[in-house]
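Below is one structure, written out as structure tokens; the observations come after it.
The values are calculated or read from the model by the stated rules, or taken from the named source; none is laboratory data. Predicted, not measured: the structure shown is a model, and the values here were computed from it. Please note: Cβ atoms are built from the backbone with ideal geometry, for glycine as well, and neighbour counts cover all protein chains shown. Ligands, DNA and RNA are excluded from the accessible area calculation, which covers all protein heavy atoms including side chains. Shrake-Rupley method; radii C 1.70, N 1.55, O 1.52, S 1.80 Å.
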Amino acid sequence: MSLKPESRAATGDLTFPAYNAPLPSTEPRMNASTDPLLPLSSIPTLPRLPVVASMPWLYHPEGFMARMLQLLEQHRDAGAIRVPLPTGHSPIFVGNVDLATDVLDEARFEKVLEGPLVHIRDFAGDGLFTAHSHEENWHRAHRILTPGFSSASIDRYYPAMVESLQALCAHWRRATGPVDVVLDMTRLTLDTISLAGFAHRFESFDRPTLHPFLQALARALQESIDALRRPPFLFPLFRATRARYRQDIATMFSLVDEVIQQRKQRPRADWPSDFLSLMLDAPDPGSGERLSDENIRYQILTFLIAGHETTAGLLAFALHQLALDPALLQRVRAEVDALGHGRMPSMKEVLGLDLTRRVLSETLRLWPTVPAITRAARADTSLAGRIRVPRGQPLGLLISAMHRDPTVWPDPSRFDPDRFLPGPTRARPAAAYKPFGVGKRACTGRHFALVEATLCLAVLVRDFELGPVPPLTLAPTVSPKPRGFFLRVTPRRGAT
Ligand code: MNH
């Protein structure tokens, strides 16, 4: 299928010739003042039909994000495509390093809430992830919580990571058939973040299905995506779905609010050292004020939302890759075996697992579990000195496409953790690798996630043989995951 400038899309003719990139991307940027800037409509645009807009062109068995990646790979030279949605929005997705470099400039672009984030705000409110960049509560929570997530503070939460991992290992030792890896990684990361976040034990490995609270969360997240495909006038047809959604939100609020009230009733000396205590306790170093109970509820839900699927997907992709590649698996195992014991490693040992960590970095390059983020121009500006961008225009950054840009990643689809060895190969443009987002709205939980993922991957490959797996296909979920990933795991001989 070919794309075309939007002016021609309006005619409804679907057989235009392939789009030609307007100017080579090597054009010096400073020429912006002399060359006329091209309008946004010069960006290749998917056809727009009545009601369904470009939906027929967005189908992919592996989901919307997989389709966006495919489209941007077909239009590498243009570096961006426009996607008319049934909601009337027409977001632009940027997918090469050249154009993304401009969008990373915080002086000119800022995070805006678009797509699923608009709906996730229904239950994550003005928590860090779904707050508008200008909201006072974002600044306050950012100042209070950032120190709690620094690499130095993670050792407080390390015992929670170990405890959940032990439950996973016990579950795998009991397994009589192949395990459902995505479900098990989800149980693991949810249990870890709820234990570290608010000292709550969901004990997911002792239940056949996720706890009702976690099911409510999963359904609400799914609805925040499904709602995007629905033209607003069709909402009345989804009355039952919307009622369920409101009920799921109420379920989540009541559990979290109760946890907060129970904590406040306990004597201060008994408070566990988790994020909830930090939030109730620490005044904002800027204003001296504390977070409100309502805002704390939103932060807790935010940690659960932002902190489980992403890390679960990362671990599932890494395990899939190691199960496919026995030579690499042996190298990782050798690194972990060299610790010389079969106990749970200490956090210091985990931080020294260099290859294991690089496997995770390379996994996040090929399958970034937050595949896109949205920015908008603070004032009229341009991309690569050639495309005019009006103030407020939302731009999606397709991180997965930037991560496969062949101008900075040779043989981009090959899995090679040694790309992340220190040395001259690391001299890449900043926009080449952004799995944790950009600037002041970048991921608060990145150290937490990487420590947790390194610990878990290391212990799982040390203690279990991984059975054979078919080649990777993706589930069509927002945060990508391997599809139908069942793995035969057997305790490794000699492992304790
Ligand atoms: Mn996380 C923001 C990726 C794990 C908490 N996270 C982001 C963003 C990306 C991201 C990308 C930027 C979103 C945007 O610009 O709209 N996060 C990840 C990945 C992993 C991850 C790939 C795991 C792998 N994140 C975690 C964990 C936590 C967490 C674990 C919490 C325990 N993330 C956040 C929060 C934000 C965020 C909070 C919002 C930060 C802000 O806007 O101030």
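General remarks:
- Radius 14 Å from Cβ of Gly342, net charge of other residues (Lys, Arg +1; Asp, Glu -1): +3
- Label point 7 Å beyond Cα of Ala282 along Cβ direction - residues of the stretch 131-155 with amide nitrogen under 20 Å: 131, 135-155
- Whole-number percent relative contact order across the chain, with pairs defined as alpha carbons under 8 Å at least 6 apart: 23
- Amide H contacts of Ala384 (H built 1.01 Å from N, under 5 Å, at least 5 apart or other chain): Asp102
- 5 angstrom amide H check on Leu38, placed H, neighbours 5+ away: Ile387, Arg388
- Cα centroid separation - the stretch 291-338 against the stretch 35-114, whole Å: 28
- Computed from point charges on the beta carbon alone (+1 for Lys and Arg, -1 for Asp and Glu), the dipole magnitude for the stretch 391-496 about its Cα centre is near 300 Debye.
- Furthest towards positive pole of dipole, Leu328, Asn295, His308, structure part the stretch 258-332, Cβ charges: Leu328
- Ordered by solvent-accessible area of protein heavy atoms (1.4 Å probe), largest first, the residues Arg297, Arg488 come out as Arg488, Arg297.
- Figure note: Tyr433, Tyr59, Tyr157 ranked by solvent-accessible area, largest first, 1.4 Å probe, ligands and nucleic acids not counted: Tyr59, Tyr433, Tyr157.
- Efficiency of FRET from Cβ geometry, Glu289 and Glu106, R₀ 30 Å, rounded to 0.05: 0.70
- Accessible surface of the chain [probe 1.4 Å, protein heavy atoms]: carbon and sulfur percent: 56
- Taking the DSSP bridge list for the chain and keeping only pairs wholly inside it, about 80 percent are antiparallel.
- Membrane-span-like helices in the chain, defined purely by DSSP H runs whose alpha carbon atoms cover 20 Å or more axially and whose average Kyte-Doolittle hydropathy reaches -1.0, are 158-174, 181-198, 212-226, 239-265, 293-324, 446-463.
- Pairwise Cα inverse-distance average, inverted: Kirkwood Rh of the chain (Å): 24.0
- Karplus-derived HN-Hα couplings along the stretch 268-273 (A = 6.51, B = -1.76, C = 1.60, θ = phi - 60°), whole Hz, x at Gly and Pro: 3, 5, 8, 5, x, 8
- Each Lys and Arg Cβ is given +1 and each Asp and Glu Cβ -1; about its Cα centre, the stretch 10-491 then shows a dipole of about 340 debye.
- Principal axis extents of the C-alpha atoms in the stretch 399-496 (largest first, rounded to whole Å): 44, 28, 27.
- Couplings for the stretch 232-237, taken from phi via the Karplus curve 6.51 cos²θ - 1.76 cosθ + 1.60 with θ = phi - 60°, read x, 6, 8, 3, x, 6 Hz in order; Gly and Pro are left as x.
- Charged side chains reduced to their Cβ positions (Lys and Arg at +1, Asp and Glu at -1) give the stretch 104-202 a dipole of some 420 debye around its Cα centre.
- Probe 1.4 Å, accessible area per residue of the chain, Å²: 42
- Over 31 Å (Cα to Cα) - which of Lys440/Lys481; Lys348/Lys440; Lys111/Lys264; Lys348/Lys434 fall in this group: Lys111/Lys264
- Computed from the alpha carbon atoms alone, the convex hull of the stretch 88-204 holds 200 Å³ per residue.
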